[in-house]
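The values are calculated or read from the model by the stated rules, or taken from the named source; none is laboratory data. None of these values were measured; they are calculated from a predicted model. Heads up, the Cβs are rebuilt from the backbone with ideal geometry, glycines too, and the neighbour counts pull from every protein chain shown. Surface areas here come from the heavy atoms of the whole protein model, side chains and all, with no ligands, DNA or RNA. Shrake-Rupley method; radii C 1.70, N 1.55, O 1.52, S 1.80 Å.
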Amino acid sequence: MTKAVAIEELQRFDNPRFNEDNARGLIDEMSSGLKLPESMKAEFDRKMVTLFQQTKIIAGKLINIGRIVFAKIYQFIQDNPNLTLGTIIGAVFGSFLGMMPLIGDILSLISTFLGSTIGGYIDYVNKGGRELDSTLQQVISGATHATKEFFKLIVEIFNALRNDF
């Protein structure tokens, strides 16, 4: 992302006219696009509204950090719907598996990893990657894609915040 594009995005999402009502529309669009179950949709919507409202005063200037992160997450979900859904489903199953004594923590990590990996592989194929025959190759490819996309998201968030300072 170029600095000009980052500044344009910041202006769009940091604009006072872009208010919580506009954000709720985008949040509904995101959760509908992910096809979340109703119970998960309500929690997702609540967390995203809370994120949107986060602000910090830095060097005497009010920064809408939540809007910036919200914009990046919105773009990430648009670009990687299967990866996002796989991660959410893996995390939900992981939270249930984490309650098991002794091996719950390990199963929880595996569940989240597999959810992200499966979603990452589907997005990789949808974006023009070649389909792989071996399950191990699919897992490695999905994990690689998921890792690249997550780190790309983090870098974009930091770059967007850096450009604002």
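Quick one: dipole size for the chain, taken about the Cα centre, charges +1 on Lys/Arg Cβ and -1 on Asp/Glu Cβ, in debye to the nearest 20.
Working: 17 positive and 18 negative charges, 90 e Å.
Dipole of the chain, to the nearest 20 debye: 440 debye.
Between residue 154 and residue 61, what is 0.36 nm times their sequence separation minus the Cα-Cα distance? Round to one decimal in nm.
Working: separation 93, 0.36 × 93 = 33.48 nm, distance 2.31 nm.
Extending this stretch completely gives an extra 31.2 nm.
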Practice problem: Quote the FRET efficiency, to the nearest 0.05, computed for residue 133 versus residue 162 with a Förster distance R0 of 45 Å and r equal to the Cβ-Cβ distance. | Solution: 0.60
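Net charge near residue 152, counting Lys/Arg +1 and Asp/Glu -1 over other residues with Cβ under 12 Å of its Cβ? Intermediate values should be presented prior to the final figure.
Working: positive: 72, 148; negative: 79, 149, 156.
Taking every other residue near residue 152 into account, the sum is -1.
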Exercise. Could you tell me how many degrees, from 0 to 90 and to the nearest 10, lie between the Cα long axis of helix 135-164 and the main elongation axis, the longest principal axis, of the Cα atoms of the chain?
Key: 10
Practice problem: Leaving ligands, DNA and RNA out of it, report the carbon-plus-sulfur percent of the accessible area of the chain at a 1.4 Å probe. | Solution: 62
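What is the ratio of the Cα radius of gyration of segment 100-162 to 2.2 N^0.38 Å, with N the residue count, to two decimals? Don't skip to the end; give the middle numbers.
Numbers: Rg = 14.5 Å, N = 63, 2.2 N^0.38 = 10.6 Å.
In units of the globular-protein estimate, segment 100-162 measures up at 1.36.
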Practice problem: Mind listing the long-range amide H neighbours of residue 63? Cut-off is under 5 Å, sequence gap 5 or more, other chains count too, H placed in the peptide plane at 1.01 Å from N. | Solution: 56, 57, 58
Self-check item: Surface per residue (accessible, 1.4 Å probe) for segment 111-165, Å²
Solution: 62
Quiz prompt | Reduced Cα scattering model of segment 60-165, Debye log10 I(q)/I(0), q = 0.13 Å⁻¹ | solution = -0.57
Practice problem: Write down the Å³ per residue value for the convex hull defined by the alpha carbon atoms of segment 33-80. | Solution: 58
Self-check item: Positive dipole terminus of the chain, leading residue within 155, 115, 140 (C-beta point charges)
Solution: 155
Practice problem: May I ask you to compute the full-extension gain from residue 22 to residue 144, defined as 0.36 nm times their residue separation minus their alpha-carbon distance, rounded to one decimal in nm? | Solution: 40.5 nm
Quiz prompt | Inter-label distance for residue 103 and residue 126, nm, one decimal - labels placed 7 Å from Cα along Cα-to-Cβ | solution = 3.3
Quiz item: Which angle from 0 to 90°, rounded to the nearest 10, does the C-alpha axis of helix 65-79 make with the longest principal axis of the chain?
Solution: 40
Quiz prompt | Nearest-ten-degree value, helix 3-13 long axis tilted from longest Cα axis of the chain | solution = 80
